[in-house]
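> Dropping a structure here in structure tokens format, bear with me for questions.
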Amino acid sequence: MSNRIEKLFNIKYPLVQAGMIWCSGWELASAVSNAGGLGIIGSGSMYPEILKEQIKKCQEATDKPFGVNVPLLYPNIAEHIKIILESGVKVVFTSAGNPNTWTTILKQAGITVVHVVSNIKFALKAQEAGVDAIVAEGFEAGGHNGREETTTLCLIPIIKKAVTIPVIAAGGIASGKAMLACMILGADGVQIGSRFVASEESSAHINFKKRVINCKEGDTILTLKELTPVRLIKNKFYGQIEKAYEKCSTSEQLQEILGRGRAKKGMFEGDLEEGELEIGQVCASITEIKTAASIIEEIITEFNTAKEEIKKL
Ligand code: NDP
């Protein structure tokens, strides 16, 4: 085994499933891990007791390594970290916050820590904080995202140059060819989110999964930079945001429109009009709901074929 990401996590393929609120519970995480990738439980949409139960179920469903994603902008982080430490979780991905806050505590407990970044400044900050690897996420990615709008194609080479720790590319990756492209750009592995939203094991509502596989190019937008930038599907709810921008609304007014629980309403309860539907640009190329294992098999087969094909160039 020579790949740094395979070695770091002790997994078969350098392929990580993104932690995604309302979409990645124990069913998806364990299915990805059982198929040779690194499955991740998205803790952002879980109350502490639910996270505890999800970790336990994941441990029962797989003997392979898996991780927990902790988006640091959510409440109850200290409680989540306590549960992670007590449950014997071996890998934690932190995102949307300061890597200095929890890295040392997690590392002291022997946990492998990865932080998600969207620019060089935070990549260096994460490296200094002592993380084992970073996820470099480009503008194409779904959900919470960077403000700089740097695409994955531009981001990976500059991040690779700036840091010495392994780099996992994210944003716009749903195929073996895209995986290979990112690794040619310097990534040691990839993180894939949107493709796994449309999987059998994802906990997303079926309405949302079906919407994802019917998305066309241009259906998503990165918006709400005044609050936390997020890429979502343009729907009735987004129409309200657009109107607010036309009226030059303040951040407070935008926050009022967003309200509480929009993401749950859209992605978990399946309200495609009033809910917030977070997904990446790559949804335009996703056309089928499949099992996590068949998604991984397809990606790895295409990756290996593309690696051979490229020699002919
Ligand atoms: P909200 O803060 O809007 O609402 C909380 C939701 O999470 C509820 O649905 C709640 O479920 C559920 N939940 C799960 N675990 C917890 C917990 N530990 N504590 C509280 N609630 C929990 O959640 P969002 O996920 O939509 O947004 C999270 C944060 O991200 C907010 O700060 C929000 O403002 C921000 N955000 C910003 C966006 C932007 O600016 N672009 C876009 C989306 C979110 P239940 O209803 O069952 O209690």
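The values are calculated or read from the model by the stated rules, or taken from the named source; none is laboratory data. Here the structure is a predicted model, which means the values were calculated and not measured. When we count neighbours, we look across all protein chains shown, and the Cβ atoms used for this are built from the backbone with ideal geometry, even at glycine. Surface accessibility is based on the protein's heavy atoms, side chains included, excluding ligands, DNA and RNA. Shrake-Rupley method; radii C 1.70, N 1.55, O 1.52, S 1.80 Å.
> Of all residues in the range 268-277, count the ones that are over 17 Å from the mean Cα position of the chain (by Cα) and either open to solvent by 60 Å² or more (accessible area, probe 1.4 Å) or away from the ligand (no atom under 11 Å from the Cβ) (or both).
Summing the residues that are over 17 Å from the mean Cα position of the chain (by Cα) and either open to solvent by 60 Å² or more (accessible area, probe 1.4 Å) or away from the ligand (no atom under 11 Å from the Cβ) (or both) in the range 268-277 gives 6.
> I've got another one for you. Sort out which residues of the range 16-28 are in contact with a Ser or Thr (Cβ under 8 Å, 6 or more places away or on another chain) and away from the ligand (no atom under 16 Å from the Cβ), and write them in order of number.
Of everything in the range 16-28, those that are in contact with a Ser or Thr (Cβ under 8 Å, 6 or more places away or on another chain) and away from the ligand (no atom under 16 Å from the Cβ) turn out to be GLN17, GLU27, LEU28.
> For the range 204-217, how many residues are open to solvent by 40 Å² or more (accessible area, probe 1.4 Å) and closer than 27 Å to GLN255 by Cβ?
3
> While we're here: For the range 227-267, how many residues are open to solvent by 70 Å² or more (accessible area, probe 1.4 Å), near the ligand (Cβ under 8 Å from one of its atoms) and closer than 26 Å to LYS216 by Cβ?
Going through the range 227-267 one residue at a time, the tally reaches 2.
> Could you please tell me which pairs satisfy a Cβ distance under 7 Å, a separation of 6+ or placement on different chains, a first residue in the range 257-276 that is farther than 17 Å from LEU224 by Cα, and a second residue that is within 8 Å of the ligand (Cβ to nearest atom) and open to solvent by less than 10 Å² (accessible area, probe 1.4 Å)?
none
> Let me ask you something else. Considering only helices (runs of 4 or more DSSP H) fully contained in the range 74-138, which possess at least 3 residues that are open to solvent by less than 10 Å² (accessible area, probe 1.4 Å) and farther than 26 Å from LYS160 by Cα?
Filter on the range 74-138 gives 77-87.
> Please verify whether LYS57 is open to solvent by 30 Å² or more (accessible area, probe 1.4 Å), part of a loop (DSSP other than H, G, I, E, B) and of a type in the set (Lys, Arg), treating the condition exactly as stated.
no
> Something else about it: Could you run through the range 37-63 and say how many residues are away from the ligand (no atom under 16 Å from the Cβ) and more than 26 Å from VAL117 (Cβ to Cβ)?
Let us first name the residues in the range 37-63 that are away from the ligand (no atom under 16 Å from the Cβ), namely 37-40, 56-63.
Next cut, more than 26 Å from VAL117 (Cβ to Cβ) only: 56-57, 59-63.
Count: 7.
> Would you pick out the residues in the range 278-289 that are buried (at least 19 other Cβ atoms within 10 Å of the Cβ) and more than 11 Å from the ligand (Cβ to nearest atom)? If you could, list the steps in order and put the result at the bottom.
Narrowing the range 278-289 to residues buried (at least 19 other Cβ atoms within 10 Å of the Cβ): 278-283, 286.
Within the range 278-289, ILE279, GLY280, GLN281, VAL282, CYS283, ILE286 qualify.
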